[in-house]
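Here the structure comes first, spelled out in structure tokens, and everything after it is commentary.
The values are calculated or read from the model by the stated rules, or taken from the named source; none is laboratory data. Keep in mind that what you see is a predicted model, and the values were worked out from it rather than measured. All Cβ positions, even for glycine, are placed from backbone atoms using ideal geometry, and neighbour counts span all protein chains on display.
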Amino acid sequence: MSRSANARTRENERLTREQRAERGKALRATVPRASHAEFEPGPARPDPLAQLESEDTARVPELLPIRYGRMVVSPFTYFRGAALPMASDLARTVDTGLTVQCCGDAHLSNFGLFGSPERRLVFDIDDFDETLPGPWEWDVKRLATSMEIAARNNDFPAPKRHKVVLATVAAYRRAMREFAGLTTLEVWYAHADVSMLRKRALGGARRKLGKAVAKAQTRNHLGSLSRFAGVRDGEPRIIADPPLIVPVDDLVEQGTDPGEVTLQMRRLLRAYRTSLEPERRVLLDQYRFVDLARKVVGVGSVGTRTWMLLMLGDDARDPLFLQAKEAEPSVLEAFTKPSEFDNAGRRVVVGQRLMQTVGDVFLGWVRVQAGMDGRSRDFYVRQLQDWKGSAAVETMVPPGMRAYGELCGWTLARAHARTGDRIAIAAYLGSGDAFDNAVSEFAAAYADQNERDYAALVEAIRNGRITAERRK
């Protein structure tokens, strides 16, 4: 557990459960729950496009048009890539001062299915690039706003959008009150697996869940091998799909030496190995490095250095695909405190381990020189695909999105309950819907702002300020 999480735990130990509950209730007077509805951008609001462009300076220049091409598809895809502008806006809103390990980018597409080490499918948050201790309200508001924007993207009428957002926030509130009544270990062990999802799903949703589970279970390393690799000189090699997948031998960046990059990746693997537990090093040592490619991932992450590493165990039927993704400072750091970790990759890994019930056995971090500019960069490493599955947000109907929002709300509450004062937060939230309604109002107001920001991006592309290239 991180030092900040330990500090919060020690603080809680000094108070009884009753005192922690009273602390939460008392906060209603200083931070009324209705005040969470407020969003007033004002004339001093920083230019969101300038904030996005500030992130570009450390990224691969040739990939930036793809980033903006993905963001400009819709207001929803813009929102996915605009974590920094929203963090800036959230920093100007009220909060209770109760701190948790935040996801930092808790929109609905950053939740999904993945395989546990015990080979069970679980549902959890699955993106931690921005994780950092911070106000719990920030994650809730980003999740709620993402539900509002996704519902608009699917042309839901306003009353149905309102119900989706309310259900999401209410699920968070009810779950936090449930976790407040549990023991610490019961909270730590709580998780959502497929059996729980099946109990919650009804009718058509249950059929869709069955298809999602079946599809996720095909997304394994053998599936990745057939999708991403071919055979050259009798051994698997990653197939080029430029500019989204560029094998190291095909890299044409000015000054890039494929042999040097390969050497750097071998150093990365050796250094990354030390971040694993001893038994997992034994597992990693049973694989040998075979091939490497640069891969474009995500929406907001496009332009960060991300590598796909192909490794083999006994033979070609025993592949392991690892992903080494560049880690940068969290977008929250400018508005809270800098991370206690000097390695951004370690920040991501520790945050993920704090928030997830189960995790990737290959999850680790490293700092290496990764580029011909001589600059050291931080990375975190994980499996590329391990029974991973995500919801088809664009095809959801109102009942399905509402159920999905409830699941995301429960999952976020469980993650926050692991590292924050769940009893104080639950007491602050209460049993009524005052907080739910306030956040729903905030989500609608921020979705309006998101549409204005999206329109500004469209105009910036049209007038040549920003270059965009459409790529899937």
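Brief remarks follow.
- If you check 140, 122, 60 for being under 24 Å from residue 444 (Cα atoms), in contact (Cβ under 8 Å) with a residue 12 or more places away in the chain and not acidic (Asp, Glu), only one passes: 140.
- Against the list (1) more than 24 Å from residue 79 (Cα to Cα); (2) out of contact with any helix residue (DSSP H, G or I) (no Cβ under 7 Å at 6 or more places or on another chain); (3) at pLDDT below 95; (4) surrounded by 13 or more Cβ atoms within 10 Å (Cβ to Cβ), the condition residue 214 fails is (4).
- Top-ranked residue of region 377-396 - restricted to ones that are assigned to a loop (DSSP other than H, G, I, E, B) and among the hydrophobic types (A, V, I, L, M, F, W, C), ranked as nearest to residue 349 (Cα to Cα): 384
- Of all residues in region 280-323 being hydroxyl-bearing (Ser, Thr, Tyr) and outside any strand (DSSP E or B), the one that is nearest to residue 52 (Cα to Cα): 301
This table checks each residue for (1) among the small types (Gly, Ala, Ser); (2) buried (at least 18 other Cβ atoms within 10 Å of the Cβ).
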{"residue": "14", "(1), (2)": "no, no"}
{"residue": "25", "(1), (2)": "no, no"}
{"residue": "34", "(1), (2)": "yes, no"}
{"residue": "39", "(1), (2)": "no, yes"}
{"residue": "43", "(1), (2)": "no, no"}
{"residue": "47", "(1), (2)": "no, no"}
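- Any hit, region 436-447, residues being crowded, with 19+ Cβ neighbours inside 10 Å and more than 24 Å from residue 85 (Cβ to Cβ): yes
- Any hit, region 173-185, residues being in contact with a Pro (Cβ under 9 Å, 6 or more places away or on another chain) and either part of a helix (DSSP H, G or I) or of a type in the set (Ser, Thr, Tyr) (or both): no
- Long-range neighbours under 7 Å by Cβ, at least six apart or interchain, first residue assigned to a helix (DSSP H, G or I) within region 429-448, second aromatic (Phe, Trp, Tyr): 429/435; 442/39; 445/39; 446/39
- Residue within region 421-440 that is basic (Lys, Arg) and more than 25 Å from residue 356 (Cβ to Cβ) present: no
- Here residue 155 qualifies as modelled with pLDDT of 95 or more, not assigned by TED's automatic domain parsing to the domain that holds residue 334 and not in a helix (DSSP H, G or I).
- Residue identified as assigned to a helix (DSSP H, G or I) and under 13 Å from the mean Cα position of the chain (by Cα) among 161, 80: 80
- When 291, 285, 315 are screened for being charged (D, E, K, R), crowded, with 19+ Cβ neighbours inside 10 Å and out of contact with any Ser or Thr (no Cβ under 7 Å at 6 or more places or on another chain), only 291 passes.
- Positions within region 73-106 being surrounded by fewer than 20 Cβ atoms within 10 Å (Cβ to Cβ) and under 24 Å from residue 245 (Cβ atoms), in sequence order: 73, 77
- When residues in region 28-46 are screened for being outside any loop (DSSP other than H, G, I, E, B) and more than 29 Å from the chain's Cα centre (by Cα), 3 of them pass.
- Of all the residues in region 385-410, those that are touching a strand residue (DSSP E or B) at 6+ places or on another chain (Cβ under 6 Å) and crowded, with 19+ Cβ neighbours inside 10 Å number 4.
- Residue among 334, 427, 415 that alone is outside the structural domain of residue 146 (by TED's automatic domain parsing) and of a type in the set (Gly, Ala, Ser): 334
- Condition check for residue 455: among the small types (Gly, Ala, Ser), without any contact (Cβ under 8 Å) to a residue 40 or more places away in the chain, part of a helix (DSSP H, G or I) and over 19 Å from residue 103 (Cβ atoms): yes
- With respect to the conditions (1) over 12 Å from residue 131 (Cβ atoms); (2) under 14 Å from the mean Cα position of the chain (by Cα), residue 352 falls short on a single one, namely (1).
- Hits in region 362-384 (condition: within 28 Å of residue 116 (Cβ to Cβ) and either out of contact with any strand residue (DSSP E or B) (no Cβ under 8 Å at 6 or more places or on another chain) or free of Cβ contacts under 8 Å to residues at least 40 places away in the same chain (or both)): 363
- Of the residues in region 176-196, none is under 20 Å from the mean Cα position of the chain (by Cα), at pLDDT 95 or above and not assigned by TED's automatic domain parsing to the domain that holds residue 302.
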